[in-house]
Amino acid sequence: MNNKFLIRCAIMFVGIFVSCNSHDTAATKSDTHVTDTQAPAAKVPVTTVEIDTRLQLIDSLIFVFYKDPYSKDSLRYSRFYTQYSSTDSSLVQALIDNTMLPFVKLEKVKPCRNEGKLWCYGGGKILQTIYFSTLAPACSHIYLIKDGFFYYSPLQESLLQVLKKLKPLSKAPAAA
């Protein structure tokens, strides 16, 4: 009787073992199948132009230079400015090249005064406003605002040279 009991126990053990292993294999295959069909993770933006793809559509710019960005009146300095309009593709390209740099995303604006801004147009419509500051090193940057965040990129030498060249050529806006 002991032998029959041991044989039955052995058969039950083998049956349970095979059943459990086949269930685990099926679960593993099922899990693998789900993983294989999941969508790949979305690409995280690395450059400013990836944050706002409309920047690729820029065909003209208005360069705005504040007359006295470092005056004592921090609330009114941006009210007085000169401007320079351009459809020159090399000037547009200097800006686009700068937006291809990595950015820093901040919830609050840096404590730097803007020296001006660039109104970016494409197809006759305003696409974005990009602000700039040329003070080195902590406040030499461009930035844009999107979805409540500030996206800062370092100011490239090529864009800095464009700004220096155009500032003396800029004029006060025409009176309405």
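Tally the residues that are farther than 20 Å from Thr48 by Cβ and in contact with a strand residue (DSSP E or B) (Cβ under 7 Å, 6 or more places away or on another chain), restricting the search to the stretch 87-105.
The total comes to 1.
Yes/no per residue for (1) over 18 Å from Ile58 (Cα atoms); (2) modelled with pLDDT under 95:
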{"residue": "Cys120", "(1), (2)": "no, no"}
{"residue": "Pro137", "(1), (2)": "yes, yes"}
{"residue": "Val162", "(1), (2)": "no, no"}
{"residue": "Lys165", "(1), (2)": "yes, no"}
{"residue": "Pro173", "(1), (2)": "yes, yes"}
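Collect the residues in the stretch 120-176 that are touching a strand residue (DSSP E or B) at 6+ places or on another chain (Cβ under 7 Å) and polar (S, T, N, Q), keeping them in residue-number order.
Matches in the stretch 120-176: Gln128, Thr129, Ser133, Thr134, Ser140, Ser153, Ser170.
What pairs come up if the first residue lies in the stretch 61-74 and is under 28 Å from Gly123 (Cβ atoms), the second is modelled with pLDDT under 90, and their beta carbons are under 7 Å apart, counting only those six or more places apart or on different chains?
Final answer for the pair search is Tyr66/Tyr77; Tyr66/Ser78.
I'm trying to understand the selection: among the residues of the stretch 71-116, which are modelled with pLDDT under 95, among the β-branched types (Val, Ile, Thr) and in a loop (DSSP other than H, G, I, E, B)?
Val109
Restricting the stretch 153-173 to residues that are within 20 Å of Gln93 (Cβ to Cβ) and assigned to a strand (DSSP E or B), which is farthest from the chain's Cα centre (by Cα)?
Looking at residues that are within 20 Å of Gln93 (Cβ to Cβ) and assigned to a strand (DSSP E or B), I get Pro154.
This table checks each residue for (1) within 29 Å of Val44 (Cα to Cα); (2) out of contact with any Asp or Glu (no Cβ under 8 Å at 6 or more places or on another chain).
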{"site": "Asp68", "(1), (2)": "no, yes"}
{"site": "Lys72", "(1), (2)": "no, yes"}
{"site": "Ser85", "(1), (2)": "no, yes"}
{"site": "Phe103", "(1), (2)": "yes, yes"}
{"site": "Cys139", "(1), (2)": "yes, yes"}
{"site": "Ser158", "(1), (2)": "yes, no"}
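How many of the residues in the stretch 117-152 are in a strand (DSSP E or B) and in contact (Cβ under 8 Å) with a residue 12 or more places away in the chain?
25
The values are calculated or read from the model by the stated rules, or taken from the named source; none is laboratory data. On a predicted model such as this, the values are computed, not experimentally measured, just so you know. Neighbour counts run over all protein chains shown; Cβ positions are idealised from the backbone, glycine included.
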